[in-house]
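Written out below as structure tokens is the structure these notes cover.
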Amino acid sequence: MVTGVLAALGAFLTVRSTTLSNDAIYRSTQATLLQARASDAWAEFQADSIKANVAQTQLNVLAPAQPGRELLEAQNKDFRARQPAKQMEAQKLEHDRDAELAHGQQLLAEKDIVGYAGMAGQFAIALASVAALTRRRPAYYAAVFVGLVSFGVTGYAMVMHYFSMKT
């Protein structure tokens, strides 16, 4: 009976570990996409800065009454007006990227804990099998103890996951 319960726990832990790995990969992919979008936003910010500087340089060269000055002033003002929004967008995307990476790291750490629980469960199954073959009570008690440790570590991982989702 102990072996069957521990095998069921092992199956659950295998599925949970796979789910955590997949979620961590998804978070990493999302972070990569956010980084690309942030890079695009920074590139637009820099392009507007360069355009504004070119317009300002042309304004510095032109005499105050020359034709086209109003257009250059309007362009310069427009380029400068777009920059704060682009900067905020890029910074928000970078913040979101960092959050995705941190969440992915948290999922990988949880996967490690689940892996340790699975390892303890497999060890408990081996001890239970030895106890069944040799009919020795100490091996059975050790299997039950290690199995309880495996359940405890699994419970810890699940509680930590629950509390990490609330924050």
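None of the figures in this text is laboratory data; all of them are computed from the coordinates on show. Note that the structure is a prediction, hence the values are computed from the model and not measured. Don't worry about glycine lacking a Cβ; one is built from the backbone with ideal geometry, like all the others, and counts go over all protein chains shown.
As a proxy for reagent exposure, ranking Ile50, Ile113, Ile125 by other Cβ atoms within 10 Å from fewest up yields Ile50, Ile113, Ile125.
Considering only C-alpha atoms, what is the centroid distance from region 53-113 to region 1-22, in Å? Cα centroid of region 53-113 versus Cα centroid of region 1-22: 48 Å apart. Among Ser150, Ser21, Ser49, the largest mean-square fluctuation in a Gaussian network model of the chain (Cα springs under 10 Å) belongs to Ser49. The sum of -39500 (n - 2.57) across all DSSP H runs of n ≥ 4, divided by the residue count of the chain, sets its helix-only mean residue ellipticity at 222 nm to -35000 deg cm²/dmol.
With the alpha-carbon atoms of region 2-166 aligned to their principal axes, the span from lowest to highest coordinate is 105, 23, 17 Å, starting with the largest.
Highest GNM mean-square fluctuation among Leu20, Leu59, Leu148, for the chain modelled with Cα contacts below 10 Å: Leu59. Using C-alpha pairs below 8 Å separated by at least 6 residues, the relative contact order for the chain is 33 percent.
If you take the alpha carbon atoms of region 45-89 and fit the smallest convex hull around them, that volume is 50 Å³ per residue. Select from Pro67, Pro138, Pro84 the residue whose mean-square fluctuation is largest in a Gaussian network model of the chain (Cα-Cα springs shorter than 10 Å). With Cα springs under 10 Å in the chain, the top fluctuation among Pro67, Pro138, Pro84 is at Pro67. For region 45-61, putting each phi into the Karplus relation 6.51 cos²θ - 1.76 cosθ + 1.60 with θ = phi - 60° gives couplings of 4, 5, 4, 5, 5, 5, 4, 5, 5, 5, 4, 5, 5, 5, 5, 5, 7 Hz, in residue order, rounded to whole numbers and with x for Gly and Pro.
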